[in-house]
1. Kindly list the number of the only condition in (1) among the small types (Gly, Ala, Ser); (2) crowded, with 18+ Cβ neighbours inside 10 Å; (3) not in a strand (DSSP E or B) that fails for Ala122.
2. Going through Gly137, Gly128, Gly158 one at a time, which residue ends up being farther than 24 Å from Gly223 by Cα, in contact (Cβ under 8 Å) with a residue 40 or more places away in the chain and touching a strand residue (DSSP E or B) at 6+ places or on another chain (Cβ under 7 Å)?
3. When you look at Ser192, is it of a type in the set (Gly, Ala, Ser), surrounded by fewer than 23 Cβ atoms within 10 Å (Cβ to Cβ), over 25 Å from Ala322 (Cα atoms) and modelled with pLDDT of 90 or more, yes or no?
4. For Arg170, are the conditions met, namely being touching a residue at least 12 places away in the same chain (Cβ under 8 Å), within 15 Å of Met318 (Cβ to Cβ) and basic (Lys, Arg)?
5. Where in region 173-268 are the strands (runs of 3 or more DSSP E), entirely inside, with at least 1 residues that are touching a helix residue (DSSP H, G or I) at 6+ places or on another chain (Cβ under 9 Å)?
6. Counting just the residues of region 157-172 that are among the hydrophobic types (A, V, I, L, M, F, W, C) and part of a loop (DSSP other than H, G, I, E, B), which one comes out farthest from the chain's Cα centre (by Cα)?
7. Take region 278-331 and flag every residue that is at pLDDT 95 or above, in contact with a strand residue (DSSP E or B) (Cβ under 6 Å, 6 or more places away or on another chain) and of a type in the set (Lys, Arg).
Amino acid sequence: MRLLSSLAALGLAATLAACVDTAPEIMAPDAGPSNLIWLTDNTDGDIEIKKPKIDVTKWLNKTIRKPPNLLLPAGPEGIGPGSPILVTIPNDGTYGCTANFIWRDGSRLFLGAAGHCFVSAANKATHGEGADFDATGVSVDVCVQNCEGNFDAMTLVGTVVTLGRVAYARQTDPTGTEDVGNDFGVVEIPASAHHLIRPSMPVWGDFSGVELMAFGEPACHFGNGLVTGETFVTKARVGVGGGSDGNSWYGDFVAAPGDSGSGIMGCESNGLSFSGTRAIGVLTHLGVGTGEVEYNGIKTKVEHGFVLGNTVARSIEMAREAGLNLSIVEP
C-alpha cells in the first residue's frame with residue numbers, strides 16, 4: 001500500500017504527478033475523508049517509504065543507567081510522549097526510537113512506540129497471525145534525565161532506566177505485504193518506575209480524547225530525529241495533516257531517523273503559539289516522492305517528504321492480538 005496525501009492542498013501535486021503513468025485512482029476508504037489518494041504500484045517515478053528508527057549499535061554510549069526508584073521526574077523528562085528509547089535486539093543491534101503515549105490495560109502501564117522498533121527487520125510480529133518473533137531477550141531503556149542531546153553526533157547521552165518486557169509488537173500485516181497502518185508495539189513500565197510517568201507531550205502539553213488526522217489541519221509531534229530533533233528547541237514540530245482512512249494517517253511533517261514511534265496529536269493556535277488538543281496516532285514511516293515540476297518552460301526535478309503512521313484506534317485493535325485491551329492515559 002502506498003498512501004499519499006491529496007497533494008494539491010499541500011502543494012505537492014506537481015511533485016508526485018510524474019510518479020504515476022495515469023491519473024491516480026481515488027478510492028473510497030472505509031472511514032475518513034474522500035480526499036485520500038491511494039497510488040497503485042503502477043508507477044514510473046520513485047516513491048520510497050522507510051521506517052525511521054536509527055541503528056546506534058556502534059555509537060559511543062555515554063548514558064548512565066540508574067534504578068528508577070532513585071530518580072524523580074523534572075520538566076519534560078521522565079517517561080512519556082517524546083521520550084528517547086534505546087532498544088537492544090539480541091543478535092541484531094541497538095536502535096533508537098521515540099515513545100508516543102502512555103497506555104493502560106487495567107493496572108498495567110505501557111510505553112508505546114512503532115512495532116518495528118522492537119522487532120528485527122526480518123520478522124513480522126510477536127503475537128497474532130504470522131507471529132515469528134520472540135521478544136523475551138529484547139531490552140528497552142528509556143531516557144529520563146538530561147535527554148536533550150540524545151541521538152546527536154553519534155553519541156548517546158542522558159540517564160536511562162530499563163523498562164519491562166515487550167508485551168506486543170508488529171511491523172507488518174499478517175501476510176507481510178503492507179506496513180503502513182500495521183506498525184505498533186508497547187513495552188511494559190515496571191511498577192518501580194510509575195512515579196516517573198509523564199502523560200503530557202513536551203512543549204505541546206496536555207490532550208484529551210482521540211481524533212483522526214484532518215486534511216489541511218495542523219498537528220504536532222515531539223521526536224528525537226537526526227538533525228531535525230537533536231536539540232530541545234527542534235524536537236517539537238508542527239505539520240499539516242493529509243487525512244486518514246481510519247487505520248492509517250499521513251501528512252506533511254519534518255521527520256528523520258530516530259523519530260520512529262513518536263506520538264502525533266492535533267494542535268491549535270492562539271495566534272502566538274500552538275497547544276495540543278487530541279491524540280491522533282503513531283509516526284511509523286517516512287515517505288519521499290520525486291518528480292518534475294515545470295515552470296515557465298523550465299523543468300526541475302524535485303523531492304518532497306511526507307510521513308505516515310497508525311491511528312490510535314488501529315493501534316488498540318492490533319494490541320488485542322496479545323490479549324491487551326489498551327487505552328491512552330490522558331494527562
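The values are calculated or read from the model by the stated rules, or taken from the named source; none is laboratory data. Just so it is clear, the structure is predicted and the values come from calculations on it, not from any experiment. Note that each Cβ is placed from the backbone with ideal geometry, even for glycine, and that neighbours are counted across all protein chains shown.
1. Checking Ala122 against (1) among the small types (Gly, Ala, Ser); (2) crowded, with 18+ Cβ neighbours inside 10 Å; (3) not in a strand (DSSP E or B), the one that fails is (2).
2. Details: Gly137 fails: touching a strand residue (DSSP E or B) at 6+ places or on another chain (Cβ under 7 Å); Gly158 fails: farther than 24 Å from Gly223 by Cα.
Result: Gly128 is the single residue among Gly137, Gly128, Gly158 that is farther than 24 Å from Gly223 by Cα, in contact (Cβ under 8 Å) with a residue 40 or more places away in the chain and touching a strand residue (DSSP E or B) at 6+ places or on another chain (Cβ under 7 Å).
3. no
4. On the way: touching a residue at least 12 places away in the same chain (Cβ under 8 Å): yes; within 15 Å of Met318 (Cβ to Cβ): yes; basic (Lys, Arg): yes.
The answer is yes for Arg170.
5. Working: elements: 184-188, 218-222, 236-244, 248-252.
Counting at least 1 such residues, we get 184-188, 218-222, 248-252.
6. Within region 157-172, the first condition is being among the hydrophobic types (A, V, I, L, M, F, W, C), and the residues that meet it are 157, 160-161, 163, 166-167, 169.
If we keep only those that are part of a loop (DSSP other than H, G, I, E, B) as well, we get 157, 163.
Details: Val157: 21, Leu163: 19 Å.
Out of the qualifying residues, it is Val157.
7. Passing the criteria: only Arg278.
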